[in-house]
Every structure is written in C-alpha cells, then in structure tokens.
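The structure appears below as structure tokens.
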Amino acid sequence: MNENLNNTRRARTWGIVFLVFAALMLILFLPGTTGSQRTTFAFDLELSQALPIGNLTFSTQGGLYLLAVLSIFLGAWQLAKGFKQVYLILGAVVLMFVLAFLAWAARDRSMNMTGMLQATLLRAVPITLAALSGVMCERCAVINIGIEGMMLTGAFASALLGSLSQSTWVGLLAALLAGGLMGALLAVLAIRYKVNQIIAGTAINILATGLTSYFSSRYLQAIPELNRPPTFRPIPLPLLSRVPILGPVLFTNTVPVYLMLILVIVIHVMLFYTRWGLRTRAVGEHPKAADTLGVNVFKTRYINVILGGMVAGLGGAYLVLSSVARFDENMTAGRGFIGLAAMIFGKWNPVGSLGSSLIFGFADSLRTNLAILRVPIPSQFLLMAPYLVTMIVLAGVVGRAVAPAADGEPYEKQ
C-alpha cells in the first residue's frame with residue numbers, strides 16, 4: 001500500500017513538473033513577443049552536399065502557444081492517468097521548452113538548426129572522449145581525475161610533433177602515446193603504490209599543466225613554427241553526406257570525430273558483449289571474486305587505465321588537429337572535468353556518456369548562437385552556461401547514479 005502511495009505521489013510530482021515547464025514558457029517568453037513576429041528555423045548549410053529542404057517559418061506567438069498547450073496536455077495526462085515511460089515524456093517536455101526558448105530568441109530572425117546541431121556534436125567530441133576515458137578506468141575501479149591533464153598533454157604532443165612532421169597522423173599518434181604515458185603514470189601510482197586515486201589524478205593534472213605551460217612559453221611561443229600543425233579536413237561520406245540534416249551533422253566530419261563515434265560503439269560492445277568486458281566489470285564490482293576465478297586484477301586495471309589515457313589523449317588531439325590548429329596554455333578549459341560529469345550522468349555507459357556530452361555541447365553551441373543573435377542575456381551568463389549545466393546535471397544525479405562497487409578502492413592480493 002505504501003508503495004502504491006509513493007508511486008501516486010511520484011506521478012503527481014512529475015505532472016506538476018510538466019505544468020511548471022508550460023507555465024515558464026508562457027511567463028518567460030510570451031510577454032516579449034507580438035503577433036506580427038515570426039521565427040525562421042533554417043536547415044540548409046552553405047557549401048554542404050546535403051539535399052536542400054528549405055526553411056521553417058512560423059508565428060512566434062503561435063509556436064509558443066502550441067508548445068505550451070502540448071506541455072499542459074502532457075502534465076494533465078500525467079496527473080490523471082500517468083505515463084509508463086515518464087522519463088521519455090520528461091525529455092519531450094524539456095525539448096519543447098528548449099524549442100520555445102529558441103523560437104523566442106530567434107523572433108524576427110533566422111536560426112540555422114542544422115548548424116547548431118553540427119556545432120553541438122563538434123563541441124561534444126572532447127567531452128565524450130573524456131567521458132569514455134573515465135568509463136574505461138572506472139569500470140575497472142580506478143577513479144581518473146587526471147583526464148584533464150591527459151587531454152592537455154595529448155594536445156601539446158599533437159601540436160609539437162604535428163608541427164615538426166607536418167603530418168596530422170604523426171600528431172594524432174603522438175597524442176595517443178602521450179595520453180597513454182599519463183595513463184600509465186596514474187596506473188603505477190594507483191595500482192602499484194596504492195596512492196589515493198583522487199590525489200594521484202590531481203597530481204597528474206598539476207604536472208601536465210606545469211609541463212605544458214613551461215614548454216609552451218619556452219619553445220612554442222619563442223619558435224612559432226613549432227606551433228603550426230596541419231589540421232584534418234572534413235571527409236564527406238559518399239551518399240550519407242547528402243542526407244538532409246544528418247548528412248552535414250554526422251557524415252561530413254574530420255577523422256577524430258569519426259573515431260569518437262566508432263569508439264562509443266566499440267567500447268560499448270566490448271564492455272557488455274565480450275569476455276574482456278565481463279572481466280573488466282567483474283574487477284570493478286568485486287575484484288576478490290574475479291581474482292578467485294583466475295582474472296588478473298592488476299593486469300586488467302593497467303590495460304584499462306592506459307587505454308583510457310590514450311582515449312583522453314585523442315580528445316586533446318581533437319582540440320588541436322580539428323579545431324584551432326595550435327596549442328594554447330590550459331586550452332582544455334575544464335572539459336576533462338565536464339567529461340567526468342557526463343560519465344556519471346550517463347551511468348558509466350559509453351552510449352549514455354555520448355548522450356550526456358551532447359547536452360553539454362548543446363549548451364556551449366547555444367551560448368555562441370545567442371551571442372550572434374544578440375539575445376538580451378548578459379554575456380557572463382552565456383559564458384557560464386556549460387558549467388551551470390554541469391552543476392545542474394550533477395545535482396540531479398547525486399544519489400541516483402551508482403558507480404562500480406569497488407570504484408576507487410585499491411586491491412590487495414591475498
């Protein structure tokens with residue numbers, strides 16, 4: 001009886017949440033619009049191979065009313081009968097709120113939705129790779145706070161070796177090796193010497209920041225030719241790149257972006273459908289039982305942490321070889337820590353981590369678009385958007401996301 005009462009209260013709470021979203025649409029956005037204002041969502045990109053599909057133009061007020069009414073309907077239905085997939089409905093209501101905000105921001109203007117989705121994916125790439133690095137490490141019970149430092153080291157190595165060789169592939173390989181070396185350092189500290197993993201990761205971040213800042217100021221700034229690496233060019237995939245919206249977003253990208261998408265699939269399959277994945281998860285949940293069954297706990301952790309470091313190094317290489325074509329001090333700008341938040345929000349799952357990273361990427365791309373549209377929101381708040389989303393997400397998942405049982409605990413072989 002108590003369980004039924006709790007379920008009823010929970011259903012009513014979600015219904016009220018849906019209605020609150022509807023009320024916010026009406027209160028925040030409608031007062032700033034007039035009946036004559038129209039919003040245009042564009043879907044075609046210049047120089048894109050995708051088939052053109054035109055623009056969507058609608059009355060701003062009409063669109064806001066429609067989205068609010070739909071949210072009210074969903075809230076009322078939730079209060080009356082309830083949805084079985086309430087989190088799916090929550091996602092739909094949040095999406096409608098975001099669309100309402102975009103319609104309000106682009107009133108009497110045009111916003112390219114395909115461009116925003118493309119920017120969302122590109123900004124999510126380093127965050128996703130950071131999250132995948134965390135998944136690789138924490139699934140075998142090693143907390144990796146040093147992802148930021150691994151990414152920074154990978155970025156520096158890709159810029160230096162890429163510039164010396166004038167080869168993007170050499171720069172990419174250098175980033176993988178540099179990230180792997182930092183991962184090996186974390187593995188030795190955490191597994192061999194059983195140093196507190198939080199402290200070890202923090203030390204790696206400090207070490208990476210100090211080394212890269214010193215060598216950057218000492219050599220890269222003094223000799224500009226050492227900081228001019230080539231960059232990967234977008235490679236349109238035949239036929240797929242011509243698909244409207246999805247073509248420019250998913251199938252017209254650089255090599256590191258494709259590698260990120262492939263890694264999400266490969267790591268997910270390996271973790272949940274292979275013997276290696278079963279052993280990794282066993283080591284992360286109950287290392288003593290895994291050891292009893294013949295699994296080498298130390299070897300499994302070493303391999304996973306080093307591979308996690310290489311994935312983080314790839315994230316650093318992306319920032320240099322697919323983005324700015326140079327190394328700048330502290331250029332990772334907290335993406336390693338945001339990746340950890342995405343990993344937690346994604347429940348230590350590669351696919352979930354990608355979805356979470358896209359939320360942070362969307363917040364970052366939205367900030368840029370709002371600045372272009374000159375939306376009357378202080379620029380300081382726009383700059384804080386990705387980090388505010390990080391704190392909100394973490395606050396929402398604390399106590400709900402359950403880490404591997406042995407996460408952060410050193411193993412003593414009996």
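Throughout, read-outs are computed from the coordinates displayed, never taken from laboratory work. Quick caveat: nothing in here was measured; it's all calculated off a predicted structure. In this analysis, Cβ positions are derived from the backbone assuming ideal geometry, glycine residues included, and neighbour counts consider all displayed protein chains.
A few remarks follow.
- Label point distance in nm, W77-A405, each placed 7 Å from Cα along Cα→Cβ: 4.1 nm
- The trypsin sites (Lys or Arg not before Pro) of segment 64-109 that DSSP puts in a loop, and whose beta carbon has at most 11 other beta carbons within 10 Å, are K81, K84.
- Segment 144-215 shape via C-alpha gyration tensor axes, a/c threshold 1.5: prolate
- The magnitude of the dipole of segment 114-397, with charges of +1 and -1 set on the Cβ of Lys/Arg and Asp/Glu and taken from the Cα centre, is near 380 debye.
- DSSP bridge orientation in the chain - percent antiparallel, rounded to nearest 5: 75 percent
- Where Rh is the Kirkwood radius over Cα pairs, Rg/Rh for segment 2-108: 1.12
- Scaled against the 2.2 N^0.38 Å expected of a compact globular protein of N residues, the Cα radius of gyration of the chain reads 1.08.
- Fully extending the segment from K194 to I223, taken as 0.36 nm per residue of separation minus the present Cα-Cα distance, adds 6.4 nm.
- Under DSSP loop assignment and at most 16 Cβ neighbours within 10 Å, longest GluC sites (Glu not before Pro)-free interval of the chain: 47-328
- FRET efficiency for the pair R12 and S110, taken as 1/(1 + (r/R0)^6) with r the Cβ-Cβ distance and R0 = 60 Å, rounds to 0.90.
- For N253, residues with placed amide H under 5 Å, excluding near neighbours: I235, L237
- Between the amide H of N112 and those of A42, distances stay under 5 Å, these residues lying 5 or more places away or on another chain, with hydrogens modeled in the peptide plane.
- Ranked by how many other beta carbons lie within 10 Å on average, peptides 32-44, 255-267 from highest: 255-267, 32-44
- Comparing Y302, Y273, Y318 in a Gaussian network model of the chain, where Cα atoms under 10 Å apart are tied by springs, the biggest mean-square fluctuation is seen for Y273.
- For segment 168-215, chymotrypsin sites (Phe, Trp or Tyr not before Pro) are listed when DSSP marks them as loop and at most 12 other Cβ atoms sit within 10 Å of their Cβ; the list is Y193.
- Normalised radius of gyration (Cα atoms, divided by 2.2 N^0.38 Å) for segment 302-342: 1.26.
- Label-point separation, L70 to V20 (7 Å along Cα→Cβ), nm: 2.2 nm
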